[in-house]
Amino acid sequence: MSKLTKEQLDARRKRMQEEALNRVAKTEQLNIRMDEYSIMKLYSRAEAEGKPVGTLVREWIVEKLDSKKQSQIENRLEKILEIVESFDQRLQQIEKITSKQKT
């Protein structure tokens, strides 16, 4: 493996710093208020799961948001299925009428 020149190292360091800055800039901190009892339960749960509290809360929020999105998708798919079934019934009726007309 060849050694990098000072210029190459500087360029790599600069690129990594820019990437890190871009990643941090795309996140935000969110503060919430909770009652003392809920906070104690939260810390206890995080400790039981071996995770930092922030990680646990972030996972819960993302999971809830994803489940809402999934629910919306499922509702849309159900509506589409109803429409397709309705069209299928109509098509069957049309086929019956046209087959009677041919005979």
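The values are calculated or read from the model by the stated rules, or taken from the named source; none is laboratory data. Values in this document were obtained by computation on a predicted structure and should not be read as measured data. All Cβ positions, glycine included, derive from the backbone under ideal geometry; neighbour counts span all protein chains shown.
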Scan segment 53-75 residue by residue and report those that are β-branched (Val, Ile, Thr) and more than 11 Å from the chain's Cα centre (by Cα).
Val53, Thr55, Val57, Ile73
Given (1) within 30 Å of the chain's Cα centre (by Cα); (2) modelled with pLDDT under 90; (3) surrounded by 10 or more Cβ atoms within 10 Å (Cβ to Cβ), number of the condition Asp10 does not satisfy:
(1)
